[in-house]
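Here's the structure we're looking at; comments come further down.
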Amino acid sequence: MRLLQAEELFRKVLEGGSKTKATRLLGLDVGSKYVGVAVSDEKNRIALPLSVLSRTKTNVSLMADDFKTLALKYSLAGFVVGYPFNLHGQRSPDAVQVRLLTGELCQTGKLDDLCYTYWDENFTSKCVEALLHPLNLKNRDEAKTMTDKFAAVCILQGYLDNMNRKLRTADKSEA
């Protein structure tokens, strides 16, 4: 796995697609126990909830296998990994968890053909919790995994919206 700037990853996605097969992205909400996963649609405009993976110190290789399977199934170009910045734009203490996981995934060597970028995840879990609150989910585990999955959707959707907006703006200025 190779770290790219946000715009560079999106360019790679757009260039990697063909008329018969599009390339897509996975959004990841990394926590200490779970990783929420979302996938972009084939046009890279909409983020869709996918799953939640359990995270332990001993299952990084299994997670890499799961990501490799998803990469093949969805023709992935890479990952948009939620990264916790503080309100001043500096990384927060929770960023250690994110860097630890991406580093461990890189070390497996199983995802070397994929790229990733970090994207600000500020308040995504809080927003999702507020949206899910009216559902009054009784099962705490179900509520937590639902929050993680939809936080990944928020991270990826924020990235897609931003990149598509930049693309439209660039197209207008060229015209």
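The values are calculated or read from the model by the stated rules, or taken from the named source; none is laboratory data. Every value quoted in this text rests on a predicted model; they were computed, and no experiment measured them. Positions of Cβ are generated from backbone atoms using ideal geometry, with glycine treated the same way; all protein chains shown enter the neighbour counts. Note: accessible area is taken over every heavy atom of the protein model, side chains too, but ligands, DNA and RNA are not part of it. Shrake-Rupley method; radii C 1.70, N 1.55, O 1.52, S 1.80 Å.
Of the residues making up the range 78-89, those that are modelled with pLDDT under 85 and in a loop (DSSP other than H, G, I, E, B) number 4.
Hey, can you tell me all the residues within the range 41-66 that are among the basic types (Lys, Arg) and open to solvent by 30 Å² or more (accessible area, probe 1.4 Å)? Across the range 41-66, the qualifying residues are Lys43, Arg45, Lys57. The residue list Ser125, Ser75, Ser92 contains one member that is within 20 Å of Glu7 (Cα to Cα) and either hydroxyl-bearing (Ser, Thr, Tyr) or modelled with pLDDT under 95 (or both), which is Ser75. Of all residues in the range 121-130, none are hydroxyl-bearing (Ser, Thr, Tyr), surrounded by fewer than 19 Cβ atoms within 10 Å (Cβ to Cβ) and either farther than 24 Å from Glu8 by Cβ or more than 16 Å from the chain's Cα centre (by Cα) (or both).
Consider the range 4-40. How many of its residues are farther than 25 Å from Glu142 by Cβ, within 13 Å of the chain's Cα centre (by Cα) and either open to solvent by 80 Å² or more (accessible area, probe 1.4 Å) or of a type in the set (Asp, Glu) (or both)? Number of matching residues: 0.
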